[in-house]
């Protein structure tokens, strides 16, 4: 569903290739995947954007940064030995 050029308005809503699209939610604002169709905004990657935000963050979101986890702990003794060997 890269773009909405094949989208059609039906009684049930907007459909693209057999998928019923739901409008974006507030968290989607600013994402590069948002497309306009007849004065409404839809996600070009997922038909139901609200369910993608239930777990905290949408994995398709282009406007949010991934959280950096803690760096691996380095043993200073091993690090000095590696440095001495030239690695």
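Derivation of every value follows stated rules applied to the coordinates shown; laboratory data play no part. Not measured: the values here are computed from a predicted model. Here the Cβ positions follow ideal geometry from the backbone for every residue, glycine too, while neighbour counts run over all protein chains shown.
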| field | Residue list for the range 22-48, filter: under 21 Å from residue 65 (Cα atoms) and out of contact with any strand residue (DSSP E or B) (no Cβ under 8 Å at 6 or more places or on another chain) | value | 25, 26, 27, 29, 30, 32, 45, 46
| field | residue 60 touching a helix residue (DSSP H, G or I) at 6+ places or on another chain (Cβ under 9 Å), outside any loop (DSSP other than H, G, I, E, B) and surrounded by 10 or more Cβ atoms within 10 Å (Cβ to Cβ) | value | no
| request: Scan (1) closer than 17 Å to residue 4 by Cα; (2) surrounded by fewer than 16 Cβ atoms within 10 Å (Cβ to Cβ) for the single condition residue 54 breaks and write down its number. | output: (1)
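When you scan the range 30-42, how many residues do you find that are surrounded by 10 or more Cβ atoms within 10 Å (Cβ to Cβ) and without any contact (Cβ under 8 Å) to a residue 24 or more places away in the chain? Even if it seems obvious, please write down each step before you answer.
Step one: of the range 30-42, the residues surrounded by 10 or more Cβ atoms within 10 Å (Cβ to Cβ) are 30-35, 37, 40-42.
Those left that are additionally without any contact (Cβ under 8 Å) to a residue 24 or more places away in the chain: 34, 41.
Qualifying residue count for the region: 2.
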